[in-house]
Amino acid sequence: MLKISRQLLIATTLLLTLTAYAQTPARNEEITRKYFSTLGSGTQPNLAGLTLFFTLMPKGADLHHHYSGAIYTEQYLDWVGREHYCINKVSYRIETDPVVISAERAKQPQDRSCLSSDEVLSNNAVLRELLKHWSDKDYGNHFEIEMPPDRQFFDTFGYFEPVASDYSDDGLQRLKKRAMAENLMYIETMFKLGPMVQDTGFDTAVLRNGVDPDTLNAQMSALMTTLDQDQKFRHGIDVHLADILASSAGIDDDQFTMRFQAFVLRMLSPSQVFSSLLAAFKEASECNRVVGVNIVGPENMTVSMRDYSLHMQMFRFLKAKYPQVNLSLHAGELAMGMVPPEGLTFHIREAIDVAGARRIGHGMDIAYESDAIGLMKAMRERDIAVEVNLTSNEFILGIKNEAHPVTLFRRFGVPFVLATDDAGVSRNNLSSEYALFASRYKTSYAEVKKLSYDSLRYSFLPAPDKKRLTQMLDQRFAKFEAQIADLVKSETGRR
Ligand SMILES: [Zn+2]
């Protein structure tokens, strides 16, 4: 009797151990790893399977995210309806004041029959028309019937501007809802442009001066002193901060967090860039919901290229005044042919070494950078991550598959994260970016899981928040891997 009981006890213990093993997180992770490897193997990846997998998988954060570009057209149309606006069927622009629009129409530059070279250079649309005739530029993009893709992309922002700002509280709530639906916990979004001033004296002086650091620092110090005494400028900062706080009221909860990056537009005048940059640094120092500063806009435009090094000097100057402010800079969002080759050799390096960026947006021209290998080594050693936006890069720059520098980042150990850039314009989401990554490149479950954790690791959240969200990500992965283990079990049961 005693013997039987002992045997029964051993058998029961063994069964319990096996059952427990089958349900352990380590076992579930192993099953998930094997399941994932079946989706990407073979000559054709199982894109539907990958899409399902990544829709369910916790993805941590989206760190490269423009608010107005993340809202889909359908949402803007809803807001247009609520405001009783209409859309001009020729221009496709939102008409808010018929009188103003008709007056503006009378001033259309294309009505002029002859333009100076300065006028051509300052008008991107005309410049692009010229490039189409003077070179092979955009020929492969069916330019006879379509506008160039980068112009198409950046022009979109002008269309929804009339309603993008007015409904920002509604917009942020919808972005949160979408993010939570695809198992995200954190978004770091570039929200709205802050205040700025135009100072033609500064513009003339710095453009004459070039980037001689001593002279430039004196000029920037003088303008900063003026701006620090400018009540209207200060009021602009206060209004902008109040808008951020009001728009994001009620967004954060125990499952979701949203933070903001203040940003400047790189194609504006030097004084406008400097003043909006000063406002951005002040906002990031004064408000804990603003966790970083960025620079955005088409990098290949005439002014963006002319002033690139000047902008990096501005960042360096203000970073010295506000050393605690985090920088993530769009840099190297360029492809061969967009600008002369010399323009592809220094943007990422200067964003890191001169401006002090901790993250790089895009970094697409890295293979053309001077000492690209040394640069990638420095990025690896200094833990500077690249925000990779696969869909956006394919559309705007025409770079995809093995031509995408993510292949170099992986080979040289440069940290990177996957992001959406402008989900509303690209009509994608973060899950589809992961699916695209896994369908293009031979990857593993360990790598995609690391990408998810890295999105929190490289975020600009303070350490306690980062820790809290990382622990939450652990729980979500445990739940996800258990779900995949159940799925595998049920699939095996059906066979
Ligand atoms: Zn971007």
- [ ] From the list Arg349, Arg411, pick out the single residue that is among the basic types (Lys, Arg), buried (at least 20 other Cβ atoms within 10 Å of the Cβ) and either away from the ligand (no atom under 14 Å from the Cβ) or not in a strand (DSSP E or B) (or both).
- [x] Arg349
Open item on the list: Can you tell me how many residues within region 361-382 are outside any loop (DSSP other than H, G, I, E, B), away from the ligand (no atom under 16 Å from the Cβ) and surrounded by 14 or more Cβ atoms within 10 Å (Cβ to Cβ)?
Closed with: 10
TODO: Could you look through region 307-346, keep only residues that are without any contact (Cβ under 8 Å) to a residue 24 or more places away in the chain and part of a helix (DSSP H, G or I), and pick out the one that is nearest to Asn294 (Cα to Cα)?
DONE: Ala320
Task: Residue within region 426-440 that is part of a helix (DSSP H, G or I) and under 29 Å from Phe315 (Cα atoms) present - done: no
- [ ] Could you list, in sequence order, all residues of region 186-218 that are surrounded by fewer than 18 Cβ atoms within 10 Å (Cβ to Cβ) and not charged (D, E, K, R)?
- [x] Gln198, Thr200, Gly201, Thr204, Leu207, Asn209, Gly210, Val211, Pro213, Thr215, Asn217, Ala218
Open item on the list: Step by step: first the residues of region 383-394, then only those that are more than 16 Å from Arg440 (Cα to Cα) and within 13 Å of the ligand (Cβ to nearest atom), then the one that is surrounded by the fewest Cβ atoms within 10 Å (Cβ to Cβ). Which residue is that?
Closed with: Glu387
Open item on the list: Taking the conditions exactly as written (over 21 Å from Arg306 (Cα atoms) and in a helix (DSSP H, G or I)), does Val239 satisfy them or not?
Closed with: yes
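Bear in mind these aren't lab numbers, they're just calculated from the coordinates by the rules spelled out. The shown structure was predicted, so the numbers you read here are calculated from the model rather than taken from an experiment. Every residue, glycine among them, receives a Cβ derived from its backbone with ideal geometry; neighbour counts consider all protein chains shown.
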